[in-house]
Amino acid sequence: MSEKADVLQGTLDLMVLKTLEALGPLHGYGIARRLEQVSENLLQLNQGTLYPALLRLQQRGWITSSWGVSENNRKARFYTITKSGRKQLAVEAENWERIASVMSRLLSGPQEA
């Protein structure tokens with residue numbers, strides 16, 4: 001599959017929160033590259049997709065940000081998951097598992113009543 005996949009609506013928050021929980025503080029570029037790596041380059045996030053999501057997560061109190069220096073010595077904003085964000089991650093992950101289970105049942109073929 002050579003096409004890059006679009007991020008399924010509603011999943012970006014979950015992916016960002018999980019990435020920050022797993023890896024600790026990261027700048028936006030690092031988050032995007034990590035998601036591309038984990039998806040084996042099937043997902044490609046641009047700034048127009050990622051940065052509004054980071055702002056939204058910050059406004060909801062699920063992540064915080066602070067300025068720091070990146071690995072290539074540039075000033076960058078680093079994002080960190082909060083306690084509230086960890087709670088939301090658990091909720092989002094549970095919802096995703098439930099939706100994935102429903103989709104799996106629907107895609108597995110006809111269901112008998």
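Worth a mention:
Residues are listed down the side, and each one gets a yes or a no for (1) more than 22 Å from Arg98 (Cβ to Cβ); (2) at pLDDT 95 or above:
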site: Leu12; (1), (2): no, no
site: Leu20; (1), (2): yes, yes
site: Tyr29; (1), (2): yes, no
site: Gln44; (1), (2): yes, no
site: Pro52; (1), (2): yes, no
site: Ser66; (1), (2): yes, yes
site: Ser70; (1), (2): yes, no
site: Ser84; (1), (2): no, yes
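- Of all residues in region 19-38, those that are outside any helix (DSSP H, G or I) have Cβ atoms under 9 Å from Cβ atoms of residues that are of a type in the set (Phe, Trp, Tyr), 6 or more apart or on another chain, in Pro25/Phe78; Pro25/Tyr79; Leu26/Phe78; Leu26/Tyr79; His27/Phe78; His27/Tyr79.
- Looking only at region 63-99, and only at residues there that are small (Gly, Ala, Ser) and in a helix (DSSP H, G or I), the one that is surrounded by the most Cβ atoms within 10 Å (Cβ to Cβ): Gly85
- Count of region 41-62 residues, restricted to those that are free of Cβ contacts under 8 Å to residues at least 24 places away in the same chain and either under 17 Å from Leu20 (Cα atoms) or part of a helix (DSSP H, G or I) (or both), is 7.
The values are calculated or read from the model by the stated rules, or taken from the named source; none is laboratory data. Just so it is clear, the structure is predicted and the values come from calculations on it, not from any experiment. Cβ: placed from backbone, ideal geometry, glycine included. Neighbour counts: every protein chain shown.
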